[in-house]
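Each value in this text was obtained by applying a stated rule to the coordinates, not by laboratory testing. Please read all numbers here as calculations on a predicted model, not as lab measurements. We place every Cβ from the backbone using ideal geometry, glycine too, and count neighbours over all the protein chains shown.
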Amino acid sequence: MADRTKRLDRTIKRVGRSSGLQLSEFESGSGRKVPLQGRRKEPRILNAEALAKLLVQLREPYRSMVTLTVLTGLRVGELLALRWKMVDLTARTIRISESVFHGQIQLPKSERSIRTIPIGPQTRVLLEEHRKRFAAKWSGEGLLFPNQLGGPHRECNLLERVLRPAAKAAGLERVTWHQLRHIHASVLHDIGVPAKIAQQQLGHASVETTLNFYTHAIPDTHRRAIESLEEALFPVVPKCSQVGDSGKETKVVIH
């Protein structure tokens, strides 16, 4: 038993060193040093300007893939599993019932992930243009965004070979598919969409997950919310006072 424990300790230390963890800071209940999960980083939200720069660097069909993700909030696996038979351009809906994981089509993440979402007129135009552009490969059973063999892309390959090089060319920091989904969630928050509706759109298993997305509103939105709160609570109190060049006090009122 002692030999097994020593071997386990050596394995944990080796994995920890390769992961950059400081194992000496953590102790398990048995006294062994074990790696603990690091603090999760706050997701960085891309603004509209950064998104525009990214899209310029993408060729088709990747530009349409990124745009559709932002417009619908789909997970990358759901995007890659979309078939034309799931898209109703007349009713303007998309049915999500499959997902791709490591290049394999499977069931979605949860029962809540199986859903039908509405699309707007701009999304319909985007899909119509995409279907015309790749008409030779179009079929009802076919994927919207197949690889060269007609099968699903691997999400990691698209990230490393398409998305990140485009972000670097655009002068942006590291960009992920999840950040594009966050753009959709942040805009829903920005325009006041109730969390329950956003949950249905995003396919979250619980509304708590949606609310967690909603806590990552862009800084400008947060600032406007606080200013509106101040105005609602103290409508007759000026926001602040500034002293002009003449030495007279100038009141600045919230608009």
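For the peptides 70-77, 121-128, the ranking by packing is 70-77, 121-128, with the highest mean count of neighbouring Cβ atoms within 10 Å listed first. The alpha carbon gyration tensor of the range 115-210 gives principal lengths a ≥ b ≥ c with a/c of 1.5 or higher and a/b no greater than b/c, which makes the shape oblate. Amide H contacts of ARG83 (H built 1.01 Å from N, in plane; Pro and chain starts excluded): LEU144 sit under 5 Å, all sequence-distant by 5 or more or on other chains. Subtracting the Cα-Cα distance of HIS178 and ASP190 from 0.36 nm times their residue separation leaves 2.5 nm of extension gain.
When its C-alpha radius of gyration is set against 2.2 N^0.38 Å (N residues), the range 48-173 gives a value of 1.03.
Evaluating 6.51 cos²θ - 1.76 cosθ + 1.60 at θ = phi - 60° for every residue in the range 141-156, the Karplus couplings come out as 7, x, 6, 5, 10, x, 7, 5, 9, x, x, x, 5, 8, 4, 5 Hz, glycine and proline recorded as x.
Across the range 129-178, Cα pairs under 8 Å and at least six residues apart give a relative contact order of 18 percent. Put a dot 7 Å past the Cα of PHE134, heading toward its Cβ, do the same for HIS102, and the two dots end up 2.4 nm apart. Under 5 Å from the amide H of VAL175 lies no amide H of any residue 5 or more positions distant or on a separate chain, with H modelled from the backbone and absent for Pro and chain starts. The stretch between SER110 and ASP88, if pulled fully straight at 0.36 nm per residue, gains 5.6 nm over its current Cα-Cα span.
Compared with the direct C-alpha span, the chain from LYS168 to CYS156 gains 2.7 nm at full extension, assuming 0.36 nm per residue.
With contacts taken as Cα pairs under 8 Å and at least 6 residues apart, the range 48-173 reaches a relative contact order of 31 percent.
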